[in-house]
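Down below is the structure, laid out as structure tokens.
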Amino acid sequence: MTGLELSVALFLLANLVAALIAAERGPTAADRMLTALLFGSTGVGVLVLLAAAMRLPSLVDVALTLALLAAIAGIAFARRAWRGISGD
């Protein structure tokens, strides 16, 4: 890893620590869901960074799978929350 990749990886890990703290403090389910989406996007960033640094293209596939799962979780939460608001 070069110095730039290491510093970006550390920044992303600091983001994850901040997300953990926000998830604990989040007063609503929406706050916790946004934190979970932050985990997903940050995890994708870390995996792509590791794929480039270690020359492992298979990690990009794992990152794409994580991104897809995070998107599906966000959609599922939005549909559930929308039903709760409309009363259906």
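Please report the relative contact order for the chain, taking Cα pairs under 8 Å with a sequence separation of at least 6, and give it as a percent rounded to a whole number. Could the numbers behind the result be given before it?
Details: 58 pairs, mean separation 22.8, N = 88.
Taking the mean separation of contacting Cα pairs over the length of the chain, I get 26 percent.
What you get for the chain, charging only the Cβ of Lys and Arg (+1) and of Asp and Glu (-1), is a dipole of about 180 debye around the Cα centre.
Counting Lys and Arg as +1 and Asp and Glu as -1, what is the net charge of the other residues whose Cβ lies under 13 Å from the Cβ of Leu50? Write down the numbers at each step before the final one.
On the way: positive: Arg55; negative: Glu5, Asp61.
Summing Lys and Arg as +1 and Asp and Glu as -1 gives -1.
Which of the three applies to the chain, rounded, prolate or oblate, going by the alpha-carbon gyration tensor with a ≥ b ≥ c and a/c under 1.5 meaning rounded?
Details: a/c = 5.52, a/b = 1.82, b/c = 3.03.
Because a/c hits 1.5 or more and a/b fails to exceed b/c, the chain counts as oblate.
Coordinate-derived values only; no laboratory data. Please read all numbers here as calculations on a predicted model, not as lab measurements. Glycine gets a Cβ as well: all are built from the backbone with ideal geometry, and neighbour counts include every protein chain shown.
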